[in-house]
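A short worksheet on the structure shown next.
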């Protein structure tokens, strides 16, 4: 049996979003799909997995709806479904912007110029261009474009606070990128709103770039939000850039801490994973609620009453190179 995983987003007005979410959940379950879909008044953000025929039916059904006719699905063939359950949730935004008034930006009205993967490849190394990673720390620590500027942020909602640190790039062409393109729609819109004039975005994100341009100069692996945790992107000049959080040894492996009250995303080599049972520290290893580590570092999410203190620097720094 062949399986697929679909990654997609769509910024479009959805009326009665809560009702749509409930109906969409029933539709997904009728196809025996698993995954996660976020519904908001501003659109859809989804990662879906299931047998190939069910995924094809899902894409076909959405494309027949005029609101979703232009969705660009990124499709991966996988050995097994990449989720355990099916969730469809209604939220205020499909990507949390961190803005007090999220309606101050609207990707359907103003956003960065979309660059197709080959256009991005031709433009990214020019002297007048800045390639800006708008993803979180744990994502770009695992992999990023060569010479990209990265931001020290824990979540995308921290991005607006970082814009002042980008002021020195106002005379440059800025190309934003993320996993699938959804964060860039808002990041580039916000940059334009703040007075940046030459703003672009990698259409379809890292995933599409890997499929259509071979992933050249993307160093490391790409973090994904399913039980694979990371995927290979670069088939042309791949390198590993991430290092074990515990011992510093080079490793491409990203996991979630086995302590559910921590659940930290971090890179860990197999040796440290065995010693610490998939935990980021001895403290987490001894936690009474520690989950059983099976070597993957992926766990079905459970309620987290308290999150332990962060072990990394707080947001507020700009990084390059």
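The values are calculated or read from the model by the stated rules, or taken from the named source; none is laboratory data. All figures in this text were calculated on a predicted structure; none of them were measured in a lab. Ideal geometry is used to build each Cβ from the backbone, glycine not excepted, and the neighbour counts take in all protein chains shown.
Go over the candidates 2, 85 one by one and state the one that is touching a helix residue (DSSP H, G or I) at 6+ places or on another chain (Cβ under 7 Å) and exposed (fewer than 13 other Cβ atoms within 10 Å of the Cβ).
2
With the requirement that a residue be more than 20 Å from residue 225 (Cα to Cα) and either without any contact (Cβ under 8 Å) to a residue 40 or more places away in the chain or more than 20 Å from the chain's Cα centre (by Cα) (or both), what does the stretch 30-46 give you?
Within the stretch 30-46, 30, 31, 41 qualify.
Listed residues 182, 207; which is buried (at least 18 other Cβ atoms within 10 Å of the Cβ), closer than 17 Å to residue 111 by Cα and touching a residue at least 60 places away in the same chain (Cβ under 8 Å)?
Checking each option against the conditions leaves just 182.
So how many residues does the stretch 47-59 have that are without any contact (Cβ under 8 Å) to a residue 60 or more places away in the chain and under 21 Å from residue 19 (Cα atoms)?
Selection size over the stretch 47-59: 3.
Out of the stretch 178-222, which residues are farther than 18 Å from residue 96 by Cβ and assigned to a helix (DSSP H, G or I)?
Those that are farther than 18 Å from residue 96 by Cβ and assigned to a helix (DSSP H, G or I): 192, 206, 207, 208, 209, 210, 211, 212, 213.
Among the residues of the stretch 227-238, which ones are part of a loop (DSSP other than H, G, I, E, B) and at pLDDT 95 or above?
Within the stretch 227-238, 232, 233, 234, 235, 236, 237, 238 meet the criteria.
Kindly indicate whether residue 10 is assigned to a helix (DSSP H, G or I), assigned by TED's automatic domain parsing to the domain that holds residue 82 and either within 13 Å of residue 86 (Cα to Cα) or touching a strand residue (DSSP E or B) at 6+ places or on another chain (Cβ under 7 Å) (or both).
The answer is no for residue 10.
A quick yes/no check of all residues on (1) in a strand (DSSP E or B); (2) modelled with pLDDT under 95; (3) touching a helix residue (DSSP H, G or I) at 6+ places or on another chain (Cβ under 6 Å):
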{"position": "240", "(1), (2), (3)": "no, no, no"}
{"position": "247", "(1), (2), (3)": "no, no, yes"}
{"position": "263", "(1), (2), (3)": "no, yes, no"}
{"position": "274", "(1), (2), (3)": "no, no, no"}
{"position": "278", "(1), (2), (3)": "no, no, no"}
{"position": "298", "(1), (2), (3)": "no, yes, no"}
{"position": "301", "(1), (2), (3)": "no, yes, no"}
{"position": "309", "(1), (2), (3)": "no, yes, no"}
{"position": "316", "(1), (2), (3)": "no, yes, no"}
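Anything in the stretch 111-128 that is over 21 Å from residue 234 (Cα atoms) and over 23 Å from the mean Cα position of the chain (by Cα)? List them, or say none.
127, 128
Residue by residue, here is whether (1) modelled with pLDDT of 95 or more; (2) touching a helix residue (DSSP H, G or I) at 6+ places or on another chain (Cβ under 8 Å); (3) closer than 19 Å to residue 219 by Cα holds:
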residue	(1), (2), (3)
110	no, yes, no
114	yes, no, no
118	yes, yes, yes
124	yes, no, yes
133	yes, yes, yes
136	yes, yes, yes
139	yes, no, yes
152	yes, yes, yes
165	no, no, no
